Amino acid sequence: MKRNLTLFASFALLFCSVNANAQVTEGGYHPCGTDQMVAAALAADPVLKAQFEEEQRQAAEADRIAYQQGYSFRKTMLSGSRSAQQSPPQYIIPVVFHIVHDYGTENISDAQVLDAVRILNEDYRKLNADTAGIVSTFQGIAADASIEFRLAQLDPNGNCTNGIDRVNSSETYVGDDGSKLNYWNRARYLNIWVVKAISNGAAGYAYLPGSAPTASVDGIIILSTYVGSIGTGNYTTARALTHEVGHFLNLLHVWGTGNSPGVTCGNDNVSDTPTTKGWTSCNLTTNDVCVNNVEENVQNYMDYSYCYRMFTNGQRTRMHNALNSASGQRNSLVTTTTANATGINNPQPCAPIADFTPVNDLYVCEGGSLTFTDVSYNGQPTSYNWSFPGGTPSTSSDSVPTIQYNTAGTYSVSLTVANAQGSDNFSRTNYVHVLPAAAQYTANFYQEGMENTTIFTNDWDIENPQGNGWTNATTAAATGTRSCRLDNTTAMAGQTDAFISPSINFAAMNNPVFTFKVAFAQRAGSENDRLRVYMSTDCGATWLLRYTKAGTNLSTRSATTNAFVPTANEWRTETVTLSSVQLSGTNVRIKFEFESDGGNDIFIDDINIQGATGVVEAEDGISSFNVFPNPANDNSTVEFSLAESQNMIVDVVDLNGKTVQSVHSGNLSAGMHRLPINVAELSAGMYFVRLQNAEGNYLMRKLLVE
Ligand SMILES: [Zn+2]
């Protein structure tokens, strides 16, 4: 390859901003995000940038000299009586995989990680079977990179590890430098973080030596579906890790100075890789695009063709030079001290670290059963000792026990696992939710106006697994002063948050209609924000989808990039179609679930389930309906305004619809009214305050008595 030393003075141009999302390959694979991340790191730190550029200049100069010598020095070291493939590797790098997970498919198995390491070692020793398919032009320079990767056997504290660390965190849905949890010293370990999603749309990214903004983010982050060829992986995507490790060891994309493949002819400062624009498809025939009659190395691991299968001798030399350089502490990865500190030459079994997760859900009706599964790691347990307070049986020695719960309540679960190397215990409190077999609400109506501040502590369940999500808020309201708001600005793409109703007896209602009010504005670039409504007739063990809307279908106004807070006319009433299963359900729960695509907040208000004989909405001149204080323990006040004088019945009813206190009956003048409720004579619990006019139309607000 022709060399151009002036190129290095303007090296930063190589890393102009890259929109990784634009680079999906012909096969639909995700691109690599390395250029983008390195560019951002260098732009933010002029000192880092200057040092990095000098190191890159030196690497290029070293390549130039090695090329003049025909890369012979390294070749000699690999030759001898045995073939290169049979020689011991020149370098062995300790590796730790940090599986950042939320107990989903991204929590890939040990076997899948081992498979990824196998593929890495094949590719870096030229033992990959598809070497046979390297086109003839490059057969002669396809290199055994002579680098081996071994899972760490000792962690930074000297404790036994299998080199596969597992961290339960919502960062798995984010996938950026902040998701690089449990970093291990980069001078001793190549850190590889495995996540469910990567925020810049890439399959993964690495930092070139000397380009990481801090040591603790140096390493590789990669999608769980791009690790190994089994489980959630496949052999094509698995080679992306080979590509990222190439970056970690200072290899550039083969097209070098272009932002994206297929745009500009360039080079990678490796003298035996031809000038190319780079490829997003596997064109092995007419690919002399940059220089006439000079075939391009489409099959190189550092291209995007996804038919990659080789490094060149020059790339091997450049990686070896990186492992002899202090840049990014790569040289300390391959010392005897590091090998000893990480135990890579002394594999040994470890004690397990206890962990578990439900097989399905954590909600069950009284008398129902739940199944749990062991997901302990670091060592294979030989015994399981579960504790299930409130369950039957209350202990188990199975790895996947099924437990019956007969009494409503919230219960803890604990697991101790052990093998010959040791034991570990893990407990979760308030983990299992057992609901009464009989519905909590049995009146011929149900209404939730979101006016009660304690809705999520006393009545509805909330599931915000990643922290911020649904809250009871005063930001906006369809009626009253409160609604339920989802904080979508801090939500991560793919995050789901839900709130779940108490149990309601639909069968007690006459052909009920289920409505709620929604307000939402789509944000450009976030077309997949989605609201779903589910219903369960088995206390939440299983859920049936009854409503789903996203993007413009969900929106109640035009799209906006401003923070959305609905006005009064930006609410829409939605009707949820009920099946016979729900219509006849004596114990029905409703779940509102929002899946974030990072757009605007969404608001829900006025959830009504109303028999056909009733009328929920007062179009009758009643406004400013409120009950305060709420919750209450001695007195409370019902407040409302009438547009004109009319006969009104105001009473407090229980969850069965029975009147328990008559507040007022008779004519009231136009204007604001405040009537006292004698809370002291009511038992603790949930009630409705009901306003009813002469036509029989009514409005209700919940009242919680403490
Ligand atoms: Zn790349």
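The values are calculated or read from the model by the stated rules, or taken from the named source; none is laboratory data. Since this is a predicted model, take the numbers as computed values, not measurements. Ideal geometry is used to build each Cβ from the backbone, glycine not excepted, and the neighbour counts take in all protein chains shown. All accessible areas refer to the heavy atoms of the entire protein, side chains included, with ligands and DNA or RNA removed. Shrake-Rupley method; radii C 1.70, N 1.55, O 1.52, S 1.80 Å.
Give the residue from SER683, GLN58, VAL518 lying farthest towards the positive end of the charge dipole for the chain; charges sit on Cβ (+1 for Lys and Arg, -1 for Asp and Glu) and the dipole is referred to the Cα centre.
The residue sitting most towards the positive pole is GLN58.
Once both labels are modelled 7 Å past Cα along the beta-carbon direction, what's the THR542-SER369 spacing in nm?
Taking the simple label geometry, THR542 and SER369 are separated by 1.5 nm.
First check a/c for the range 409-524, with a ≥ b ≥ c the square roots of the eigenvalues of its C-alpha gyration tensor; if it is under 1.5, answer rounded, and if not, answer prolate when a/b is larger than b/c or oblate otherwise.
Working: a/c = 2.82, a/b = 1.45, b/c = 1.94.
Oblate, since a/c reaches 1.5 and b/c is not below a/b.
Express in nm, to one decimal, how much length is gained between ARG428 and ASN168 on full extension, taking 0.36 nm for each residue of separation and deducting their alpha carbon distance.
Numbers: separation 260, 0.36 × 260 = 93.60 nm, distance 1.33 nm.
Contour length minus the Cα-Cα distance gives 92.3 nm.
Helix 46-68 against the longest principal axis of the chain: what's the angle in degrees, Cα atoms only, rounded to the nearest 10?
For helix 46-68, the angle is close to 40 degrees.
Can you compute the modelled spin-label distance between ARG64 and ASN292, with each label point 7 Å from Cα toward Cβ, in nm?
So the two model labels end up 2.8 nm from each other.
Over all pairs of distinct alpha carbons, what does the Kirkwood formula give as the hydrodynamic radius of the chain, in Å?
With all distinct Cα pairs of the chain included, I get 29.2 Å.
Taking Cα centroids, how far is the range 325-393 from the range 174-191 in Å?
What the calculation gives is 18 Å, centre to centre.
Quick one: compute a quarter of the convex hull surface over the Cα atoms of the range 521-665 and quote it in nm². Show your work: numbers first, answer last.
Numbers: hull surface 48.1 nm².
Hull-based average projected area comes out at 12.0 nm².
What FRET efficiency would be calculated for the residue pair SER216, GLU54, taking the C-beta separation as r and a Förster radius of 35 Å, to the nearest 0.05?
Values: r = 23 Å, r/R0 = 0.67.
So, using R0 = 35 Å, E works out to roughly 0.90.
Just subtract the alpha-carbon distance of THR474 and THR410 from 0.36 nm times their residue separation and send over the number in nm, one decimal. Present the calculation step by step, with values, prior to reporting the outcome.
Details: separation 64, 0.36 × 64 = 23.04 nm, distance 2.97 nm.
The THR474-THR410 span can extend by a further 20.1 nm.
What percent do you get for the relative contact order of the range 438-588 when only Cα pairs under 8 Å and 6+ apart count? The partial results should precede the final answer.
Values: 271 pairs, mean separation 41.2, N = 151.
Relative contact order for the range 438-588 comes out at 27 percent.
Suppose only helical runs count, i.e. DSSP H with n ≥ 4. What mean residue ellipticity at 222 nm does that imply for the chain under -39500 (n - 2.57) per run, divided by all residues and rounded to the nearest 500 deg cm²/dmol?
On the way: 11 runs with 103 residues, N = 706.
That comes out to -4000 deg cm²/dmol.
With everything on Cα atoms, drop me the angle between helix 235-248 and the longest principal axis of the chain, reported from 0 to 90° to the nearest 10.
70 degrees
Placing unit charges on C-beta atoms (Lys and Arg positive, Asp and Glu negative, everything else neutral), compute the dipole magnitude of the chain about its Cα centre in debye, rounded to 20. Walk me through the intermediate numbers first.
Values: 41 positive and 65 negative charges, 379 e Å.
Using only the charged Cβ atoms, the result is roughly 1820 debye.
Once the Cβ-Cβ distance between ARG674 and GLN646 is put in as r, and R0 is 22 Å, what FRET efficiency do you end up with, to the nearest 0.05?
Details: r = 17 Å, r/R0 = 0.78.
The computed FRET efficiency comes out at 0.80.
When the accessible area of the range 360-435 is computed with all protein chains present and a 1.4 Å probe, what percentage of it is carbon and sulfur? Before the final figure, lay out each step's value.
Details: 1480 of 3430 Å².
The computed percentage sits at 43.
Given the convex hull of the Cα atoms of the range 360-435, what is a quarter of its surface area in nm²? Display every interim value, and only then the final one.
Details: hull surface 18.0 nm².
Quarter of the Cα hull surface area: 4.5 nm².
Can you find, among ALA339, CYS350, ASN452, the residue sitting farthest towards the positive end of the charge dipole of the range 316-469, where Lys and Arg contribute +1 and Asp and Glu -1 at Cβ?
Ranked along the dipole, the leading option is ALA339.
May I ask you to order 652-664, 359-371 by the average number of other C-beta atoms within 10 Å around their residues, highest value first?
Working: 652-664: 15.6, 359-371: 17.2.
For the peptides 652-664, 359-371, the packing ranking is 359-371, 652-664.
Identify all aspartates and glutamates with a Cα-Cα distance to LYS591 below 17 Å; exclude those on the same chain that are fewer than 8 residues away in sequence.
ASP361, GLU448, ASP459, ASP461, GLU463, ASP497, ASP529, ASP538, GLU574, ASP605, ASP606
Rg to Rh ratio, the range 478-557, alpha-carbon atoms and Kirkwood radius?
0.99
For the range 445-610, what % of the accessible area comes from carbon and sulfur atoms, probe 1.4 Å?
C and S fraction of accessible area: 45 percent.
For the residue pair VAL47 and THR392, what label-to-label distance in nm results when each label sits 7 Å from Cα along the Cα-to-beta-carbon direction?
Placing both labels 7 Å beyond Cα along the Cβ direction yields 6.8 nm.
Can you send over the carbon and sulfur percentage of the accessible area for the range 47-197, probe radius 1.4 Å, protein chains only? Can you show the working numbers first?
On the way: 3090 of 6080 Å².
Taking all protein chains in place, the range 47-197 shows 51 percent carbon and sulfur surface.
Consider all pairwise Cα distances in the range 106-162 and report the whole-number % of them above 15 Å.
Numbers: 995 of 1596 pairs.
Counting pairs separated by more than 15 Å, the tail of P(r) holds 62 percent.
What are the lysines whose alpha-carbon lies under 16 Å from the alpha-carbon of LYS658, with same-chain residues fewer than 8 places away excluded?
Leaving aside lysines fewer than 8 places away in the same chain, those within reach of LYS658 are LYS702.
List the lysines whose Cα sits under 16 Å from the Cα of LYS277, skipping any in the same chain fewer than 8 residues away.
Within reach: LYS2.
Provide the percentage of antiparallel DSSP beta bridges, counting only those with both residues in the chain; round to the nearest 5.
On the way: 114 of 140 bridges.
Percent antiparallel among DSSP bridges in the chain is about 80.
Any idea how far the Cα center of the range 214-263 sits from the one of the range 628-657, in Å?
64 Å
Relative contact order, percent, of the range 622-705 when contacts are C-alpha pairs under 8 Å separated by at least 6 residues?
Details: 197 pairs, mean separation 27.8, N = 84.
Taking the mean separation of contacting Cα pairs over the length of the range 622-705, I get 33 percent.
How much of the DSSP beta bridge set in the range 622-705 is antiparallel, as a percent to the nearest 5?
Details: 35 of 36 bridges.
If I count the DSSP bridges inside the range 622-705, around 95 percent turn out antiparallel.
What number comes out for accessible area per residue over the chain if the probe is 1.4 Å? Units Å², please. Show your work: numbers first, answer last.
Working: 26820 Å² over 706 residues.
Spelled out: the 1.4 Å probe surface of the chain, per residue, equals 38 Å².
Take the Cα atoms of the range 445-610, find their three principal axes, and give me the spread along each one in whole Å, biggest first.
Largest first, the range 445-610 extends 44, 30, 29 Å along its Cα principal axes.
Please give the length that would be gained between GLU706 and THR337 if that part of the chain were fully extended, namely 0.36 nm times their separation in residues minus their C-alpha to C-alpha distance (nm, one decimal). Each step should come with its number before you reach the end.
Working: separation 369, 0.36 × 369 = 132.84 nm, distance 6.51 nm.
That works out to 126.3 nm of additional length.
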